[in-house]
Structures are given as structure tokens and as C-alpha cells.
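J.: Quick one: the structure is below, and I'll ask about it shortly.
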Amino acid sequence: MLAVAAGVGVAVNGPLATTTLGIAGIGVGFYIDALTAIMVALVAFVGLIVVLYSRNYLDGDPGQARFTKWLCLTLAAVLLLIISGNLLQFALAWVATSLGLDKLLLFYPERQAAVLAARKKFLASRLGDLCLLAAMVLLHQAFGSLDYAVLFAGAEAIRVGEEVPAAIHAVAVLLAVAALLKSAQFPLHGWLTEVMETPTPVSALLHAGVINAGGFLVLRFADIISLSAPSMEVLVVVGGVTALFGSVVMLTQTSVKVSLAYSTIAQMGFMMLQCGLGAFAAALLHIVAHSLYKAHAFLSSGSVIDLARASWSPSPGGQPHPARMAMIVGLVLAAALVAGTLFGATITGQPGVFVLGAVVMLGLAHLITQAFDERPSVYVVGRTVALAVVVALAYFGLQWTVEHLLAGSLPPVQALRGPLDLIIVVLVALAFAAVTVLQSVLPGKADAPLWQALYVHLANGLYVNTLANRLVLRLWPGPPPPPRPMIASTPASGVPS
């Protein structure tokens, strides 16, 4: 309710900011705008659901009180981070969020997989903290204050000027790197896939809330980061690679929760890619949609198998023909191009909005193919095509609406900056088109040695996380595993030996 009231106040009066309580622009303050209101409402809603769920989930567990304490403290730190109006306060809440999450990840300290994941996350987080601290020092030297109002006004003055100082480029790159480290981006993504040793509510809170702190950092300081082309390119390259990597590896996982973890890595990559391409409002919409979906997915993960069994039916049409599948992929991309053009989201005008729209539409390619392959009829085909049109219009319409609602809180959508961004946009669209086609082809080639080898390599995440584990264990050796209890053998006759 407070977030909704704040949103109404922002809509009527503009951003609400308090004066900084501190010295030389360093202290405590609050800054409420449309971005703050949306994120507070999101985190508060997801946090409430997780707290209520954990009350029953851990009922009777001897550590329930300890779990609830750290869960609430972590939520409070995330909310404080969102409403902060001073970078020092933001940094303190940033570190507090990480430390609170560490306690939750080690809720079962005897589980060595949890210890290893927590250590990898701890090292990545401390690197991010150092980047944020360095950026904070440089910003105070440049503007003489850490207050948001002063920082944003200074960034606008630089934007109007002709040249961006080298210190601002350094600040933007440091902020971008801190956000990437917080969001489990490639190649430091492995810890996020290994936090399954914690209670399910922790996974829901992490994937639907805490992991978004990196994205919020980019959105909160978008006025500064968008001044620097190098920082934007870092977001584009790392985000694009992570999105493709996470999406492909996710398809090979047999564990529901690990598959969801790789899905989160990929979605955070998409969000960073959007920010790097200047589609900040689209990135915020992505955060909201992903958080609500992923919280529900984790909290209901225990019933996924039952749902899959209940909904399974044999496919009468067999595997789709590769040529037909490729043709439908091309038509889907063309539909995304047409729908995006209607709302101004062209490849050159709004590349960040277009590229995710193309990926969303590619997700419908299998549905459309099944309409043609399995039970072809005018009604089924017409309904499926109409659904695809509605999805395209809904996606680009929502992007357009959010962009106008957040016009005073985030920089406007940026056009294509140069050939590198164009190459990346085209490669992302083509790569996911190829993945879509391969999804329909691979089941028929399951016995081929080449595809089996590829599947094994992808299922192991191309062994990037294995190398990270070896490095962490070398730098931070863990305790030896506890001895396994001896089990007496029993012969078939039932007489103990």
C-alpha cells in the first residue's frame, strides 16, 4: 500500500527526495520516483509471499526462528537499497543484502555443496563491492556529493556538454561490472546453480528478488552509465553471451531447480543486454515479469512432475520437418519486425526492445509448428496465429506504455550506436532462431554420437563452473567430507554376516 501511495505521489508531484543527513553530501537520505515505487511494490509482494510460504515450509524445523530472522533482515536490506537517496546508504544496503543472503545460503552448514556455493558467491560479491566502492569514491571526487539529486543533475550537465570526462567513463564501467557480478553473469555464474542445498523459500527470494539488485543498480544509475559507450558495450557483450549460454544449457538440465537457475542466469543476461542497448524501461518490465514468474516457479517446483504427467499426451504427428520449422521461425521473426515497427521498436530505433521481442516471438514457433504438424485444421491454425499476433502486440504495447510511464525516472530509449550493436542484435536473433530449430531436430538425432557428446558438454555447462570450483577450492580450501557411516552387509538369506 505504501508503494502504491508513493507511486501516486510521484505521478502527481514528480520524484520525492529528502535532504541528506550527513557531512559533505555523504550520509542518509531517501529518493522516491516511479522506479522506486515499482521495485518496492514488487519486492514487498514477493517477500510477503515467501515469508508466508516459509512459515509452513519450515514448520517444526529447529532452525525456523533463525531462518525467519535472516530472511526478514535480507528483505529489509533490499527495500532499504531501493529507497536509498544517497550512494553511501545504497552501498551499505548492498553489502547488507549480500551478507544476509550468505547466512541463508548456509542455513545447513553441514552441506558441503552449500558451503562451496556460498564461498563462490562471497568472492564474486566482494569483487562487486570493491567496484561499487571505487565508483563511489570517484563520484564524490567528481561531484562533491553522493546525494542522488546532485549526481543526476551533474550527469545531465555532462550529457548536455560535448565531452564526457575520463573519470565518468571509469565510474560507469565500475558500476556495470558491479552489476554483472551481482547478477551471476558468465563466467562467474556457477554459484547460482549450486544454491539448491538451501530451503526452497531462499531460492524463490534469491531468484525473484535479490538477484535483481544488479539490474536495479544499472537502472538507478542509468543517467550516469548511459554517458559511457564502453560501459554500455560491456553490458551488451556480457549480457548477450550470458543470455545465450544460460538458455542453451537450461535445455539440457534434468533437475527442475537447476534448470530454473540457468533460466534466471539467462534472463538476467537478457536484462543486461537490454540495458546495454539503452532499453532501460524494457529492462524494468523484464525484471517485474521475471520476478513474479520465477517466484511462482520455485515455490511450485515440487508439483511440476505431477503437472507434467497429468498433461502429457503422445504426439500423433511425430517430429516437425526441419524445413517447415525454419520457415515458421522466419515468419515469426518477420512478425516481430512488423509489430515492433508499429510501436516504433525497430532494429535501429530501439534495438533493445526489438531483440527481446524477437526472442519472445521465437518462443511461439514450436506452438505454431505443432498447429500445422499434429492436428491441422483451419480452427487450430487460425487460433494459433491469432495468439501469436496478440502476444506480439501485447509485448510491444507494454514496452511502449512502460517507456512513457517511466519517462521521468529513466533515460529515453537509445537508438543503435554503431555497427557493433547491430552485429550483436542480429547475432542474438539468429542464434535463438538456430536454437529453436535445433530443439525440434535434436530429438530425432538422440542416438548420433556427435549430438550425444554435445549434449553432455552442454549439460555440464561447458565445464566453466568446474574450473571455477577448482580455483575456489585452491584459494579457499574446504574441510574434508565427513566419513560415511559403515553399513553392515546382509546376505540374501537374511542372516547377518
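J.: Under a plain spin-label model, where a point goes 7 Å from the Cα along Cα-to-Cβ, how far apart in nm are ALA166 and ALA407?
T.: 3.9
J.: Sticking with this one: If DNA, RNA and ligands are ignored and the probe is 1.4 Å, what is the ranking of TRP70, TRP191 by accessible area, most exposed first?
T.: Solvent-accessible surface, decreasing: TRP70, TRP191.
J.: Taking 21 Å as the cut-off for C-alpha to C-alpha distance, list the pairs among LYS103/LYS182; LYS69/LYS294; LYS69/LYS120 that go past it.
T.: Check vs 21 Å cut-off fails for LYS69/LYS294; LYS69/LYS120.
J.: Something else now. Which one, SER377, LEU356, ALA335, projects farthest toward the positive side of the charge dipole computed for the stretch 317-444 from Cβ point charges (K/R +1, D/E -1)?
T.: Going by the Cα projections, it comes out as SER377.
J.: Show HIS140, HIS404 ordered by accessible area, largest first, where the area counts protein heavy atoms only and the probe is 1.4 Å.
T.: HIS404, HIS140
J.: For the chain, build the charge dipole from Cβ charges (+1 Lys, Arg; -1 Asp, Glu) around the Cα centre, then report which of GLY60, LEU427, PHE122 sits farthest towards its positive end.
T.: Farthest along the dipole direction, towards plus: GLY60.
J.: Whole number in Å², please: accessible area per residue of the chain, 1.4 Å probe, ligands, DNA and RNA not counted.
T.: Per residue, the chain has an accessible area of 46 Å².
J.: Given +1 on the Cβ of Lys and Arg, -1 on the Cβ of Asp and Glu, and no further charges, what dipole in debye does the chain carry about its Cα centre, rounded to the nearest 20?
T.: 1020
J.: Could you state how much accessible area ILE83 has, in square angstrom rounded to the nearest 10, with a 1.4 Å probe and all protein chains kept in place?
T.: About 50 Å², rounded to the nearest 10.
J.: Viscosity 0.692 mPa s, temperature 37 °C: what is the translational diffusion coefficient of the stretch 317-444 from Stokes-Einstein with a Kirkwood Rh over Cα pairs, rounded to a whole number of µm²/s?
T.: Translational diffusion coefficient: 211 µm²/s.
J.: Just need the relative contact order of the chain here, percent rounded to a whole number, with Cα pairs under 8 Å and 6+ apart.
T.: 14
J.: What number, rounded to the nearest 500 deg cm²/dmol, is the helix-based mean residue ellipticity at 222 nm of the chain, given -39500 (n - 2.57) per DSSP H run of at least four residues and division by all its residues?
T.: When only DSSP H runs of four or more count, the value is -23000 deg cm²/dmol.
J.: How large is log10 I(q)/I(0) at q = 0.09 Å⁻¹ when the Debye formula is applied to the Cα atoms of the chain, each weighted equally and without solvent?
T.: -0.67
J.: Still on this structure, please answer the following. For the chain, which span is the longest to avoid every loop-located (per DSSP) member of GluC sites (Glu not before Pro) having at most 14 other Cβ atoms inside 10 Å?
T.: Segment 164-373 is the longest.
J.: Then there's this: Give me the percent of accessible area attributable to carbon and sulfur for the stretch 1-304, probe 1.4 angstrom.
T.: Carbon-and-sulfur percentage of accessible area, whole number: 72.
J.: Continuing with this model, one more query. Using a 1.4 Å probe, how large is the accessible area of THR198, given in Å² and rounded to the nearest 10?
T.: Spelled out: THR198, probe radius 1.4 Å, area about 10 Å².
J.: A further question on this structure: Which order do you get for CYS131, CYS275 if you rank them by accessible area with a 1.4 Å probe, largest at the top?
T.: CYS131, CYS275
J.: Using the Cβ atoms and a cut-off under 11 Å, what net charge is assigned to the surroundings of GLU233, where Lys and Arg are +1 and Asp and Glu are -1?
T.: It works out to a net charge of 0.
J.: Still on this model: Please calculate the 1.4 Å probe accessible area of MET327, with all protein chains present, and give it to the nearest 10 Å².
T.: The value for MET327 is about 110 Å².
J.: While we're here: Which residue, CYS72, ALA134, GLY22, has the largest displacement toward the positive end of the dipole of the chain when charges sit on each Cβ (Lys, Arg +1; Asp, Glu -1)?
T.: So the residue furthest toward the plus end is CYS72.
J.: Residues with beta-carbon under 14 Å from that of ALA149, excluding ALA149: net charge, scoring Lys, Arg +1 and Asp, Glu -1?
T.: Result for the neighbourhood of ALA149: -3.
J.: Relative contact order for the stretch 347-420: what percent, with Cα pairs under 8 Å and sequence separation of 6 or more?
T.: For the stretch 347-420, the relative contact order is 50 percent.
The values are calculated or read from the model by the stated rules, or taken from the named source; none is laboratory data. All of these numbers come straight from a predicted model, not from anything done at the bench. So basically every Cβ, Gly included, is an ideal-geometry build from the backbone, and we count neighbours across all protein chains shown. Ligands, DNA and RNA are excluded from the accessible area calculation, which covers all protein heavy atoms including side chains. Shrake-Rupley method; radii C 1.70, N 1.55, O 1.52, S 1.80 Å.
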